[in-house]
Amino acid sequence: MNIVISIVIVLILLGVLASMHELAHFWVAKLLKIKAFEVSLFVGPKLLSWKRNDVDFSIRLIPVGAYVRFSEIDEEGYVVKSDDPHLLINQPRFKRLLVALAGPVMNLILGILIFFLMYCFTGFVSTDIGNPVPGAQTAEVASEYVERDTIVKVNGARVYMYYDFSYEMSTIDPADDVVLTLKSRETGRLYDVTLEPVQKRKPLLLITVESISTENEYHGWKIYSVDEEQNNGNPVLQAGDYVTHFNGVSVADEGFEDYINNLNDDSITVTYVRDGVENEAEIIPVYQDYYTDRGIVLYSYAVNSPANFFKAFAYAAKMPASMTNFTIRGIRDAIRGRVKVYNLVSGPIGIASVVNDVVEDEQDSIGDKIYMLIMLGGIISIALAFSNLLPIPGLDGVQILLIVVEMVIGRKLSEKAEGRLTIIGFVLIILLLIFAFVSDILTIIFGFGT
């Protein structure tokens with residue numbers, strides 16, 4: 001049942017975004033006094049129709065797409081050629097270009113507004129650097145940067161928002177240096193800060209605890225499970241035990257984590273309670289090498305002041321650049337073999353799968369689900385803006401490309417040349433649809449790309 005709901009949500013979402021896209025074409029044409037013959041919201045059988053100012057309006061059954069017709073059609077379904085100066089085809093190139101660009105621009109604006117409104121209600125995570133974390137790499141260079149300066153590059157790669165910052169950080173090996181390029185909030189000056197990892201070793205206790213809370217009668221950790229490899233394959237501790245001390249240091253002590261992470265003993269004396277009786281035993285720890293945390297904290301802002309209101313809008317306006325950056329990075333890493341190509345393209349099935357995951361997640365509240373779906377709508381709207389710029393039949397990119405070519409060569413392309421471009425574009429869109437479909441199916445059924 002949930003998958004049906006998810007498909008309906010996706011159809012409505014795509015239908016609304018497509019309708020706003022087509023209405024933008026219509027509104028700009030109307031401003032430029034260009035004649036439109038029909039405006040249809042959604043597709044399929046008509047549910048409601050009316051006529052106003054010689055334009056046929058309709059709302060149809062299937063919320064998948066929408067369209068605006070700028071040409072007259074005869075009874076046999078053919079386009080009627082006319083010298084009417086109010087027809088789109090007879091307009092100057094710059095007017096036709098404005099009408100063609102209106103749809104993608106509308107989707108771009110919608111996406112930005114969606115994220116802006118979300119940030120107004122929930123706040124947002126910026127790329128402004130926060131206080132250094134004690135013991136982390138940022139603490140070692142705390143004197144070299146100023147709190148709330150903005151991170152603009154990671155190892156030379158441009159970042160715009162938290163999303164592409166996180167992606168860049170996830171591709172860097174823990175053993176490698178990280179060069180952060182920051183922009184001064186005070187002067188606008190760019191400067192670099194290098195985070196250098198320090199290799200350390202810590203003991204693995206090989207236990208899983210129910211909670212790190214020590215608010216119980218023994219002031220210890222209650223063990224949920226014990227790894228069979230503990231103590232060289234001879235586990236001392238058992239599920240249900242309460243661990244209270246290591247080498248006499250209480251697990252409830254504030255400095256316990258630092259103590260255990262810097263331990264380098266061949267054996268550890270563990271104090272634990274079993275069946276109400278306190279016991280002590282020696283265990284041989286397994287040590288693991290690790291690198292110090294980078295400790296990069298990013299500032300979160302609540303939109304509770306005029307300054308943060310404008311900051312939220314400026315941050316939302318970066319989303320198109322962030323998505324473009326993210327896509328380019330993804331293609332680059334797919335070429336390098338870091339990510340699978342199946343992760344780069346998703347079609348309607350993939351979108352429905354994401355929506356279904358949101359709908360089925362029992363841990364999220366209704367408010368959380370609505371928030372996630374609205375965010376998905378913003379992402380799809382911006383994605384539609386860019387995808388519609390592709391020179392593929394049925395998309396605005398074809399008309400935009402043809403108009404730009406006409407502007408460059410100073411004349412209209414021949415019907416033969418337009419036909420060739422149309423065929424090439426048609427082949428491209430078929431290949432893209434097939435790839436997106438196969439990608440979605442393989443990802444859902446076989447887990448490719450995960």
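Modelling each spin label as a point 7 Å along the Cα-to-Cβ direction, I'd like the Ala239/Leu48 distance in nm, to one decimal.
For Ala239 paired with Leu48, the spin-label model returns 5.9 nm.
Among the lysines, select those whose C-alpha is under 25 Å from the C-alpha of Lys183, and discard any that sit fewer than 8 residues away in the same chain.
Lys153, Lys311, Lys318
How big is the gap, in Å, between the Cα center of region 84-123 and the Cα center of region 237-257?
After rounding, the separation between the Cα centres reads 62 Å.
Using the Karplus curve 6.51 cos²θ - 1.76 cosθ + 1.60 with θ = phi - 60°, what ³J(HN,Hα) values do you get for each residue of region 286-295, in whole Hz, with x for Gly and Pro?
Values per residue, Gly and Pro as x: 9, 9, 10, 6, 8, 10, 4, 5, 6, x Hz.
What's the FRET efficiency of Leu117 with Asn304 using the Cβ-Cβ distance as r and R₀ = 25 Å, to the nearest 0.05?
0.95
Compute the length gained on full extension between Lys416 and Arg69: take 0.36 nm times their separation in residues and subtract their Cα-Cα distance, giving the result in nm to one decimal.
Result for the pair: 122.6 nm of gain on full extension.
Does region 154-218 come out rounded, prolate or oblate by the C-alpha gyration tensor, with a ≥ b ≥ c the root eigenvalues, rounded set by a/c under 1.5 and, if not, prolate when a/b is larger than b/c and oblate if not?
prolate
Cα centroid distance between region 366-407 and region 211-233, in Å?
52
Pulled fully out, how much extra length does the chain show between Lys81 and Ile374, if you take 0.36 nm times their separation in residues and subtract their Cα-Cα distance?
On the way: separation 293, 0.36 × 293 = 105.48 nm, distance 4.32 nm.
Extra length available between Lys81 and Ile374 comes to 101.2 nm.
Return the Rg/Rh ratio of region 200-287 with Cα-based radii and a Kirkwood Rh.
Ratio of gyration radius to Kirkwood radius for region 200-287: 0.92.
Based on the Cβ-Cβ distance from Ser387 to Val297, what FRET efficiency comes out when R0 is 35 Å, to the nearest 0.05?
Computed FRET efficiency for Ser387 and Val297: 0.50.
How far apart, in nm, are the 7 Å Cα→Cβ label points at Ile12 and Arg148?
Roughly 4.2 nm, to one decimal.
Cut-off under 17 Å on the C-alpha distance; same-chain residues fewer than 8 positions from Lys412 excluded. Which lysines are left, in chain and number order?
Hits, sequence-local ones excluded: Lys81, Lys95.
What is the Cα convex hull volume of region 1-154 when expressed per residue in Å³?
Residue-normalised Cα hull volume stands at 227 Å³.
Bear in mind that the values in this text are calculations on the coordinates, not laboratory data. On a predicted model such as this, the values are computed, not experimentally measured, just so you know. Note: ideal-geometry Cβ built from the backbone for every residue, glycine included; neighbour counts use all protein chains shown.
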